[in-house]
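The values are calculated or read from the model by the stated rules, or taken from the named source; none is laboratory data. Keep in mind it's a predicted model, so treat the numbers as computed, not measured. Cβ: placed from backbone, ideal geometry, glycine included. Neighbour counts: every protein chain shown.
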Amino acid sequence: MLLNKRLIPFFLLFLISVISFAQSKVALTDSLRYKSNPLYGRQLELYDTYKIRQIDIIMLGNSLTHGGVWTELLGRNNVLEMGITGDVLRGYEARLNYVFRYNPKIVFIMGGLNDIYNWTPVEDIFNVYVRIIKQFKAKNIIPVIQLTTYAAQNYAKDQGVKPEVNAGRNREVDKLNKLLSDYAKLNKIDCIDLLPSISQAGFLKDEYTWDGIHFNARPYRIWAREVEKILQKYKL
């Protein structure tokens, strides 16, 4: 059945509104992706259980940060690890109040790879990263950017992920890191880049990972040395 010509403009408006509503629902779902991570809520429950005290140094991140015992890596008691396995940058942003209540002097941020493997656009990841940094600076907390690391060439091979997919995701890492490093230079923010030490030809070296993406002990020694350099700079 043909539409009356007078009804066509109204139909087009209706169609546009339906499409816009659908897109907004997708955007909302994507922005709340971190809530579907069962480890996220479990960790927040632990945060609510912990005794609150002043902590100078906080390591904020995902499973890479969570994989190291930072009091031992740094030989310090005034450091708190706040990494959640599988977390994305919007998840970090949503739990910043847990960071603020420790009144830290400096926060080291590591993240972005989970976002990239969730196919979140690099520009969106960067925008959330910047919002987080601005919130730290507004509270006179020193933010330190730790550039996003790569996956190994054969990461998730058993799950059918091909090397060319990992290569493509690592190119997205490069795009994100370029945005972050440029932002750091422009705003005089300290930046740690582990990639020159632990990667080759655009991939995480196999000898530095136990599963193609998570670190074994060797990268943590390198990482801790770089963190210590920043802490000494600020006499912390």
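Condition first: out of contact with any Cys (no Cβ under 7 Å at 6 or more places or on another chain) and part of a helix (DSSP H, G or I). Now tell me which residues in the stretch 181-196 satisfy that.
Residues satisfying the conditions are ASP182, TYR183, LYS185, LEU186, LEU195, PRO196.
May I ask you to list pairs of residues, at least six apart or on different chains, whose Cβ atoms are under 7 Å apart, with the first in the stretch 92-112 being without any contact (Cβ under 8 Å) to a residue 60 or more places away in the chain and the second being of a type in the set (Phe, Trp, Tyr)?
TYR98/TYR47; VAL107/PHE136; GLY111/TYR92
Answer with yes or no whether PHE203 is crowded, with 18+ Cβ neighbours inside 10 Å and more than 17 Å from MET110 (Cβ to Cβ).
yes
Is it fair to say LEU74 is farther than 19 Å from LEU46 by Cβ, surrounded by 18 or more Cβ atoms within 10 Å (Cβ to Cβ) and hydrophobic (A, V, I, L, M, F, W, C)?
Judged against the criteria, LEU74 is a match.
When the stretch 176-199 is examined, which residues are found to be closer than 22 Å to PRO219 by Cβ and basic (Lys, Arg)?
Within the stretch 176-199, LYS178 is the sole residue that qualifies.
Is it the case that LEU176 is closer than 30 Å to ARG101 by Cβ, in contact with a Gly (Cβ under 7 Å, 6 or more places away or on another chain), touching a residue at least 12 places away in the same chain (Cβ under 8 Å) and not hydroxyl-bearing (Ser, Thr, Tyr)?
Answer is yes for this residue.
Just for the stretch 139-165: of the residues that are in a strand (DSSP E or B) and among the aliphatic types (A, V, I, L, M), which one is nearest to the chain's Cα centre (by Cα)?
ILE145
Does the stretch 133-173 hold any residues that are in contact with a Gly (Cβ under 9 Å, 6 or more places away or on another chain), within 17 Å of GLY111 (Cβ to Cβ) and of a type in the set (A, V, I, L, M), and which are they?
Result: LEU147, ALA151, VAL173.
Looking only at the stretch 127-138, decide whether some residue is assigned to a loop (DSSP other than H, G, I, E, B) and surrounded by fewer than 19 Cβ atoms within 10 Å (Cβ to Cβ).
Checked against the condition, which is being assigned to a loop (DSSP other than H, G, I, E, B) and surrounded by fewer than 19 Cβ atoms within 10 Å (Cβ to Cβ), the stretch 127-138 yields no hits at all.
Please verify whether THR65 is closer than 24 Å to ALA217 by Cα and either at pLDDT 95 or above or surrounded by fewer than 21 Cβ atoms within 10 Å (Cβ to Cβ) (or both), treating the condition exactly as stated.
The answer is yes for THR65.
Scan the stretch 42-62 residue by residue and report those that are of a type in the set (S, T, N, Q) and either touching a Phe, Trp or Tyr at 6+ places or on another chain (Cβ under 6 Å) or crowded, with 16+ Cβ neighbours inside 10 Å (or both).
Answer for the stretch 42-62, where residues must be of a type in the set (S, T, N, Q) and either touching a Phe, Trp or Tyr at 6+ places or on another chain (Cβ under 6 Å) or crowded, with 16+ Cβ neighbours inside 10 Å (or both): GLN43, ASN62.
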